[in-house]
Each structure stands twice: as C-alpha cells, then as structure tokens.
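K.L.:
Structure in structure tokens, see below.
The values are calculated or read from the model by the stated rules, or taken from the named source; none is laboratory data. Not measured: the values here are computed from a predicted model. In this analysis, Cβ positions are derived from the backbone assuming ideal geometry, glycine residues included, and neighbour counts consider all displayed protein chains.
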C-alpha cells in the first residue's frame with residue numbers, strides 16, 4: 001500500500017464517520033444548543049449543511065487541493081483550541097463503542113494533517129497547485 005492510498009483511506013473513513021454520526025445523532029450534532037431547543041428543524045438543516053461542508057472539504061483534500069488542506073488544518077486548530085471550553089450535553093447517550101471510534105477518528109485526523117505535510121503526499125499537493 002502506498003502512502004497516498006493510506007491517506008485516501010483515512011479521508012474516506014473520516015467522511016463516512018461524519019455522515020454516520022450525523023445520521024444517528026451522535027457526536028457534535030447531538031449536542032443540546034439553544035437552536036436545537038427552539039427550532040429542531042432549523043438545527044437539523046444547519047447540521048446537514050455543516051456535514052455537507054465537511055464532506056466537501058474532505059473531497060477537496062482527497063483531490064489534493066491546497067485550499068482544502070489549509071482550511072482543514074485551520075478547522076482542526078480551531079477545534080483543538082475551543083474543544084475544552086465547549087459544554088457537551090447530549091440528547092441521549094450514544095452506544096459505548098462510539099467513544100472508542102471517536103478517539104480513533106481524532107487520531108486519524110492527526111494522521112491526515114501529518115501526512116498532508118510529509119512526502120510523498122505533500123508532493124501531490126504541490127503538483128496540484130492552487
């Protein structure tokens with residue numbers, strides 16, 4: 001297996017997990033917010049748009065677009081800085097295995113960021129210039 005193939009597998013797994021989390025109401029989309037309490041359909045649409053943007057961003061990284069890598073890294077940095085300060089109240093408790101998979105997804109996010117700045121994957125971004 002080449003590094004590029006592993007990179008793409010990690011991106012595909014990440015995108016699939018984002019959609020599964022949204023569909024089943026686990027993870028970030030399951031949090032209780034003022035929007036979800038007042039307007040449940042608005043919350044559903046907002047979460048659907050956020051998932052669509054995340055999947056589009058991962059598609060950009062899949063095709064080695066430099067703008068997508070930059071936005072992905074910036075969003076990961078923002079998430080790492082703001083994560084400890086966010087309250088995590090859920091509508092319902094997800095199954096026990098979801099936390100283990102979420103930790104694996106966090107590790108795979110780090111692997112995607114690291115691989116995107118290391119050769120040979122980095123070279124694919126350079127060749128694809130923005």
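K.L.:
Tell me whether the stretch 31-38 contains one or more residues that are under 15 Å from the mean Cα position of the chain (by Cα) and either more than 30 Å from residue 124 (Cβ to Cβ) or at pLDDT 85 or above (or both).
P.N.:
No: zero hits.
K.L.:
Follow-up. Return the pairs, sorted by first residue and then second, in which the second residue is in a loop (DSSP other than H, G, I, E, B), the first residue lies in the stretch 50-66 and is under 20 Å from residue 127 (Cβ atoms), the beta carbons are less than 9 Å apart, and the residues are 6+ apart or on different chains.
P.N.:
59/65; 63/128; 64/128; 65/128; 65/130; 66/128; 66/129; 66/130
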